[in-house]
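Chemist: Submitted below is the structure of interest, expressed as structure tokens.
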Amino acid sequence: MFKLFKPAPPIERLPEEQIDSEYKKLRFQVFLGIFIGYAAYYLIRKNFSLAMPYFIEEGFSKTELGFALSAISISYGISKFVMGTFSDRSNPRMFLPAGLILSAIISLLMGFVPFFTSSVAIMFIMLFLNGWFQGMGWPPSGRVLVHWFSINERGNKTAVWNVAHNVGGGLMAPLAVAGAAMFAGIAGSSSSGYEGVFILPALVAIIVAFIAYFLIRDTPQSVGLPSIEEYRNDYPSKTKKTFETELTTKEILFKYVLNNKWVWAIAIANIFVYFVRYGVLDWAPTYLSEEKGFDMSKSSVAYFLYEWAGIPGTLLCGWISDKFFKGRRGPAGFVFMLGVLIAVLVYWFNPAGNPTIDMICLIAIGFLIYGPVMLIGLQALDFVPKKAAGTAAGLTGLFGYLGGTVTANALMGVIVDASGWDAGFMLLTASCVLAAIIFAVTWNVRGQEVVKNQH
């Protein structure tokens with residue numbers, strides 16, 4: 001089984017005259033592979049939310065379904081770290097499609113077999129497994145990015161790849177709705193056709209998994225090409241050394257990740273960034289209706305705009321960190337978090353009756369918050385050797401999901417119930433300030449210089 005995932009070994013180098021054309025072709029090809037592959041993970045991550053109204057009709061309570069839904073965040077956060085350590089010693093060409101197919105199988109079982117949606121405990125287990133397999137998407141993508149794109153272009157390329165989140169998330173709902181319509185008339189399915197919400201996106205994901213397999217390659221050396229640093233003459237240090245040795249799990253964890261103060265700094269920053277991201281997003285409909293008099297249609301428009309504003313914001317943030325700050329991510333993160341802080345304060349203090357200002361604030365927060373989300377993943381790749389990239393990204397993801405997302409959902413609810421919305425906004429404001437401070441601490445750290453010092 002593990003042989004299947006073994007990293008592809010280097011092969012004999014191609015003749016010099018073929019290298020440039022082959023590199024250009026393969027860089028585009030592998031990037032396309034991880035982009036569509038990762039977008040497809042989002043087709044089967046959140047379908048359960050769309051099926052929830054049906055389950056409520058069946059007699060399940062919101063509390064029960066919320067408990068089942070929490071399984072994805074919990075297992076995904078842990079899996080991102082655990083699967084990251086496996087991914088660093090695996091071939092992404094096998095690893096990314098395998099996770100996607102396993103996740104799709106869970107979705108198909110929930111659609112085709114009524115037993116798998118028959119109780120909250122069973123749904124929790126299925127969604128936990130889905131979250132676990134979902135954790136096999138980010139780490140291999142990170143491994144591909146660090147091997148095929150060098151330091152001074154990686155911000156831009158990671159930002160473009162990051163848009164796969166929004167593309168996949170945006171396509172999931174129409175696919176799920178189409179699936180429900182297709183299955184509504186089929187014998188043996190429910191009158192609502194809710195099974196199609198799980199089935200059609202999963203079938204599309206399996207097709208994409210095979211396409212991704214044909215597009216992705218492991219390292220440039222495994223296809224007879226020089227390292228990316230040599231090809232672009234963009235080395236992490238003046239000695240022109242690259243760090244290409246495959247590492248053991250022990251080396252990855254204890255030499256490069258767990259004792260790396262910069263990885264810990266950004267993992268902690270990720271708690272505050274995710275708290276703001278989900279504290280604003282998940283509570284926007286409730287806050288806007290309770291405090292600002294928005295109706296459901298206005299709230300859903302604001303929610304949609306928040307997500308999609310993240311696309312240009314992420315691209316701009318990556319470009320700024322490459323062009324203006326020469327591969328240093330801290331300054332761009334600091335500037336963007338200050339922007340988020342201002343927008344959160346205006347959103348909070350804007351009196352009811354000015355819906356346009358509330359909308360502008362939500363668009364601004366969405367535009368600005370996804371840049372730092374992307375930068376932390378990118379810094380995780382920058383601060384460790386290429387062969388430890390998945391583990392470092394997984395550690396920051398673990399902190400973000402368990403420390404940020406879960407508290408944004410649970411803690412915000414408890415605080416607002418107990419002390420009102422002002423108390424909730426004090427937490428959001430403090431989180432913005434703390435994230436900005438940690439980005440400022442990493443101001444002068446450029447990717448891979450940390451690694452040079454560890455050797």
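The values are calculated or read from the model by the stated rules, or taken from the named source; none is laboratory data. Fair warning: this is a prediction, and the values are worked out from it, not measured in the lab. Every residue, glycine as well, gets a Cβ built from its backbone with ideal geometry; the counts of neighbours run over all protein chains shown. Heavy atoms of the whole protein, side chains included, go into the accessibility calculation; ligands, DNA and RNA do not. Shrake-Rupley method; radii C 1.70, N 1.55, O 1.52, S 1.80 Å.
Chemist: Between LEU316 and GLU16, with labels modelled 7 Å along Cα→Cβ, what's the label distance in nm to one decimal, could you check?
Modeler: So the label points at LEU316 and GLU16 sit 4.5 nm apart.
Chemist: Then there's this: What FRET efficiency comes out for the pair GLU251/LYS3, r = Cβ-Cβ distance, R0 = 22 Å, nearest 0.05?
Modeler: Approximately 0.55, to the nearest 0.05.
Chemist: Separate question: Could you work out how far the C-alpha centroid of the stretch 1-80 sits from that of the stretch 106-130, in angstrom?
Modeler: Taking the Cα centre of each part, the stretch 1-80 and the stretch 106-130 sit 19 Å apart.
Chemist: May I ask you to give the solvent-accessible area per residue for the chain, in square angstrom, as obtained with a 1.4 angstrom probe? Write down the numbers at each step before the final one.
Modeler: On the way: 18120 Å² over 455 residues.
Ligands and nucleic acids excluded, the result is 40 Å² per residue.
Chemist: I want to check the label-to-label distance for LEU258 and ILE125. Put each point 7 Å from Cα in the C-beta direction and report it in nm to one decimal.
Modeler: It is 3.1 nm.
Chemist: While we're here: Let me know the shape class of the chain, please: from the alpha-carbon gyration tensor, a ≥ b ≥ c as square roots of the eigenvalues, rounded when a/c is under 1.5, otherwise prolate if a/b is greater than b/c, or oblate.
Modeler: Oblate is the answer for the chain, as a/c is 1.5 or above yet b/c matches or exceeds a/b.
Chemist: Rounded to a whole number, what is D in µm²/s for the stretch 14-230 from Stokes-Einstein with the Kirkwood radius over alpha-carbon pairs (10 °C, 1.306 mPa s)? Let's see the in-between values first.
Modeler: Values: Rh = 18.2 Å.
Result for D is 87 µm²/s.
Chemist: In terms of the Cα gyration tensor, with a ≥ b ≥ c the square roots of its eigenvalues, is the stretch 357-406 rounded because a/c is under 1.5, prolate because a/b exceeds b/c, or oblate?
Modeler: Note, shape of the stretch 357-406 comes out oblate.
Chemist: Just list whichever of LYS25/LYS326; LYS323/LYS386; LYS250/LYS387; LYS46/LYS80 have alpha carbons separated by over 19 Å in the model shown.
Modeler: LYS25/LYS326; LYS323/LYS386
Chemist: Select from GLY353, LEU381, GLY333 the residue farthest towards the positive end of the dipole of the stretch 303-390; place +1 on Cβ of Lys and Arg, -1 on Cβ of Asp and Glu, and compute about the Cα centre.
Modeler: LEU381
Chemist: Report, ordered by chain and residue number, the aspartates and glutamates lying within cross-link reach of LYS6, taken as a straight Cα distance under 16 Å and ignoring same-chain residues fewer than 8 apart.
Modeler: Within the straight-line cut-off, LYS6 pairs with ASP88, ASP218, GLU244, GLU246.
Chemist: Let me ask you something else. Compute the orientation-averaged projected area for the stretch 304-367 from the convex hull of its Cα atoms and round it to one decimal in nm².
Modeler: Over all viewing directions, the stretch 304-367 projects a mean Cα-hull area of 4.3 nm².
Chemist: Based on the Cβ-Cβ distance from TRP308 to GLU230, what FRET efficiency comes out when R0 is 35 Å, to the nearest 0.05?
Modeler: 0.35
Chemist: Still on this structure: Subtract the Cα-Cα distance of PHE112 and LEU345 from 0.36 nm times their separation in residues, and report this length gain in nm to one decimal.
Modeler: Stretched out fully, the PHE112 to LEU345 stretch lengthens by 79.1 nm.
Chemist: Next question, about the same structure. For the chain, with the dipole built from +1 on Lys and Arg beta-carbon atoms and -1 on Asp and Glu ones, taken about the Cα centre, which of GLY137, CYS432, TRP308 lies farthest toward the positive end?
Modeler: Value computed over the given set: GLY137.
Chemist: Still on this structure: At a 1.4 Å probe radius, carbon and sulfur cover how many percent of the accessible area of the stretch 248-445?
Modeler: 73
Chemist: Just the Cα atoms of the stretch 248-445, one point each, no solvent: what log10 I(q)/I(0) does Debye give at q = 0.09, 0.12, 0.19 Å⁻¹?
Modeler: Debye curve over Cα of the stretch 248-445, log10 I(q)/I(0) at q = 0.09, 0.12, 0.19 Å⁻¹: -0.34, -0.58, -1.25.
Chemist: At 222 nm, what helix-only mean residue ellipticity would the chain give, in deg cm²/dmol to the nearest 500, using -39500 (n - 2.57) for each DSSP H run of four or more?
Modeler: Only helices count here, giving -24500 deg cm²/dmol.
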